[in-house]
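Since the structure comes first, as structure tokens, the remarks are kept for the end.
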Amino acid sequence: MAIEGFEYKEFAQNLAQQALELIPADFDENQRNYVANTLLNFSTVAGEALYNDTQYNFNVDQAVMITQIIAEWSFHKSVDLIRSGIPQQYWDPIMQKIAFTIFEIAKNAFHQGLPQDQCLQLIEHHVKKTYLDCIAELKDKNLIDEGLMEQAASQSNIDSMAKEQAQSIPQEEIPNESSQQNLSQTNIAQNDTLPANAKVLKLAALAMVFRKLQQDKVQSILDKFSSDDAQSVIKFMGMSDLDKKVDPAAALRCLQEIRTTLPSHNMQLTPSKLIAKIKNVSEYIDKSELERKLEPERINVRKFVFMALEGEYLEISPKVGNIIATHLESIV
């Protein structure tokens, strides 16, 4: 049964039109067209599939959300591919895999009724994994070299935009209790950008995430916040209807900025950190099973992993080591 009120063609066109204003200014006409057309094509195809779906029976809000997620990630990853230096002949296959991954993960997550923040985090994880896997596959087939793989893997337009946006946000005061009670008035329409009080929405989005974490972990993070910021997050966490008061599109954009909002330690990729990352994975799988899972991988990949388990570091680029470690986390 068609989803009443879901004008997917018009919605996709609207998203593509908005994207034109966000495409990097240094892109040439071919690159601009690729970004806009990729977003339009994938969001239209996804919208049509949702519109005609008879299995999941999504409502219009869910269909809009899934379509917009595909559009936003299509925008960011097509920009990343263009920046990566990977030849254009490989762009479409990579983007198709990413779009398909988003569509399937999003459909299942929303159908299962997972909390919205978990849906968004799950999708982000699989988008990044698919992107890295596709790049690694090109390297394995000798279609690109290691340097180009590293360059492609380091691209993250979504992080770049989040940093730029965070730097441009006015330093308003943290909202008081009365302004928090009016949070529903800051809801964002499907196609709007973050408003001037973006900090309110960021803190609310963080509260949505913190609800899913262990209390001691939340407290350790809040200890690094100012007392006003921490108090605001705690108040948001106590709002039973917070999920209803924050628009889904706003939550997506805010959650994508968490990395620039949360305090963090130096995340430099050192051999010791990569070794620790791999050892942590080994706690959840025995060595024989790990050997089986790594059997299809290249010799140097297997050597890197098993040397790390012994506390030794194979001399490869830390970025490549991080790709291997991240891939290892995804397969166990």
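No lab work stands behind these numbers, since they all come straight from the coordinates. Just so it is clear, the model here is predicted, and its values are computed rather than measured. Using ideal geometry, Cβ is built from the backbone for each residue, glycine included, and neighbour counts are taken over all protein chains shown.
Here is how the numbers come out for the structure above:
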item	result
In range of the label at GLU7: residues from the stretch 55-70 whose backbone nitrogen is under 16 Å from the point 7 Å along Cα→Cβ	60-61, 64
Sorted by Cβ density within 10 Å, fewest first, the residues HIS111, HIS76, HIS126	HIS111, HIS126, HIS76
10 Å-binned pair-distance histogram of the stretch 271-331 (Cα, whole percent)	24, 64, 12
Contour excess over end-to-end distance, with Cα ends at VAL60 and GLU289 and 0.36 nm allotted per residue	78.1 nm
Surface/4 of the Cα convex hull for the stretch 8-155, nm²	9.0 nm²
Karplus-derived HN-Hα couplings along the stretch 20-33 (A = 6.51, B = -1.76, C = 1.60, θ = phi - 60°), whole Hz, x at Gly and Pro	4, 7, 9, 5, x, 5, 7, 6, 7, 4, 4, 5, 4, 5
In Hz, Karplus ³J(HN,Hα) per residue of the stretch 304-315 (6.51, -1.76, 1.60; θ = phi - 60°; x = Gly, Pro)	4, 5, 6, 5, 5, 5, 8, x, 10, 10, 6, 6
LEU203, LEU314, LEU274, LEU20 arranged by Cβ crowding within 10 Å, fewest neighbours leading	LEU20, LEU314, LEU274, LEU203
Sorted by Cβ neighbour density within 10 Å, fewest at the top, the residues LYS287, LYS279	LYS287, LYS279
Karplus-derived HN-Hα couplings along the stretch 139-146 (A = 6.51, B = -1.76, C = 1.60, θ = phi - 60°), whole Hz, x at Gly and Pro	5, 4, 8, 6, 8, 9, 8, 5
